[in-house]
Structure formats: structure tokens, C-alpha cells
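Heads up: the structure comes next, in C-alpha cells.
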Amino acid sequence: MNIWLERRCDELTGRQHPSETTRTIAECFSDEQPLLRPITAQFDGYVEHLLRVSSTCLLRVNRNHYSAPAVWVGKIVSVRVTADRLRVVADGNIVAEHGRSFGRDKFIFNPWHYLPVLERKLGALRHGAPFLNWDLPVSIQVVRDQLLKQPQGDKAFVDVLLMAKEAGLEAMETACELTLEMGIISASIVINELRRLLEPPRAKALTASESLLLQEEPIADCRRYDSLLGGRYVH
């Protein structure tokens, strides 16, 4: 389509200008072009909808449903639809983004949007629609399945997810791999591994050059402080 449009524009520019009949459209445009304002930013073409996030953290757009973070439930957000993406904007920030679906009555979930809900409704982890087909890395799936078999395993895995939300999915995957290598699977171990991965690197020990070493090291002598008192407070 773009190639055809460019070729068609070239064909039309050879036509006579409607007001300056002695010149072509291309000739008139060559005079106007230096006066045009340059494009300083990429054109962001989208169709915008102002929608309210439902109680189930969903937005209905073109007969499909897309999830939004739970903190925006009941609030108005801007939904910007492009040719292939859908962005949810609130307070000037992109708070959610999905690939655009061209089907009908589809539900497009991001399970991370529902973490605050899990804190209140632990059962949603097993039966909630956003989590049923959650495509997680294998190591995380193994840890999840093992935790859910333990007493209060739902709460334990939710605690891991809350920690992983800040750390990122890649860090969580690594933490789960390290936990599986240990052979003891518990939420506390996964969280501890996550914290170790997130802690800033320690400064390397410096080895002083021999040329910087003191030739005569000072001797500790506390009596030297008495000279500062000037003898006034010496008992």
C-alpha cells in the first residue's frame, strides 16, 4: 500500500496546479517545502477511549476485554488503540499494555494486574481466570506446584509473587532455579534468594601498593592525649 501511495503521489505531482495554471503541483511544492515546519517527533497515531475500569479490573474495547491494574478499579483511564497495541494511560503514565485482539468476546489478562486481589482472595490463585493459563517459566511452575501442596501454600506463593513484582520475572526465575538446586522448596528460601539477587554488589577489596605502605607505623600511646589537656585536668 505504501509503495502504491508513493507512486500515485509522484503521478499526481505532474499535474497542473489548480490556481497557478502555468506550473505543476511539484514546482509549487518545491517553493513551499522550505517553509514547512519540520517533524520533530514521531507521529503516534491511535484512537483514544475514556473508559472506567470495572470491578473485575477489565476494560471493554471493541467487544473484547483487557485487564488493567487493580488499583485503577472504578476510575476513568485513557485507552489508546493503535494498529496492533492497546495502551492504558492514567495520570500521564502507561499503566498497562496489551497486544490488540481482533476476535470477539476475548479476555486478555495480565495476571500481575491482579496481585492486590490475591492478597484478599487467596483462592483466586487456583480458580481465578487470570491465573488458569498463566504461562510461567518451568522453574517457577515447579516451585508453585510444590508450594500449593504445602499447608498455607497459596499464601506462601502469593508472598513470593509480591516480592517478584518488584524484582521482575527473570529474577524470580533465577531464584526458583537456585531453590530447586537446594532441594528444599519453601517461600522463605525463594524470597531470600530474590533478596540476594537484588542486593547491590559489594565493593571489591583493594590491595595497597607497596610504595604506599608506611615506613614507620605509629605506635598506639594514649598518654599523648594528656598533652592536649595542658596538664590542667591531670589528676
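Scanning for something in contact (Cβ under 8 Å) with a residue 40 or more places away in the chain and aliphatic (A, V, I, L, M), does the range 175-185 turn up at least one residue? Within the range 175-185, one or more residues are in contact (Cβ under 8 Å) with a residue 40 or more places away in the chain and aliphatic (A, V, I, L, M).
Taking the options Ala26, Ala41, name whichever one is part of a helix (DSSP H, G or I) and hydrophobic (A, V, I, L, M, F, W, C). Only one candidate qualifies: Ala26.
Within the range 10-17, the presence of a residue that is in contact with a strand residue (DSSP E or B) (Cβ under 9 Å, 6 or more places away or on another chain) and in contact (Cβ under 8 Å) with a residue 24 or more places away in the chain is excluded. Among the residues making up the range 62-80, those that are at pLDDT 95 or above and over 26 Å from Leu125 (Cα atoms) are Ile76, Val77, Ser78, Val79, Arg80.
Would you be able to say whether some residue in the range 99-118 is loosely packed, with under 12 Cβ neighbours inside 10 Å and within 23 Å of the chain's Cα centre (by Cα)? Yes.
Scanning the range 59-76 for residues that are of a type in the set (A, V, I, L, M) and either surrounded by fewer than 19 Cβ atoms within 10 Å (Cβ to Cβ) or closer than 20 Å to Lys165 by Cβ (or both) yields Ala68, Ala70, Val71, Val73, Ile76. Scanning the range 146-190 for residues that are basic (Lys, Arg) and modelled with pLDDT of 90 or more yields nothing. Looking across the range 107-140, the residues that are farther than 14 Å from Lys155 by Cβ, touching an Asp or Glu at 6+ places or on another chain (Cβ under 9 Å) and part of a helix (DSSP H, G or I) come down to Val138, Ser139, Ile140. Scanning the range 141-161 for residues that are loosely packed, with under 15 Cβ neighbours inside 10 Å and of a type in the set (A, V, I, L, M) gives a single hit, Leu148.
Taking the criterion of being surrounded by fewer than 15 Cβ atoms within 10 Å (Cβ to Cβ) and among the polar types (S, T, N, Q), the only residue of the range 119-140 that qualifies is Asn133. None of Ile39, Ile25 is surrounded by 15 or more Cβ atoms within 10 Å (Cβ to Cβ) and either of a type in the set (Asp, Glu) or farther than 14 Å from His98 by Cβ (or both) except Ile25. Taking the condition of a type outside the set (Asp, Glu), modelled with pLDDT under 80 and closer than 30 Å to Val142 by Cβ, does Pro218 pass? Judged against the criteria, Pro218 is not a match.
The values are calculated or read from the model by the stated rules, or taken from the named source; none is laboratory data. For clarity, every value in this text was computed on a predicted model and none was experimentally measured. As a convention, Cβ positions derive from the backbone with ideal geometry for all residues, glycine included, and neighbour counts pool all protein chains shown.
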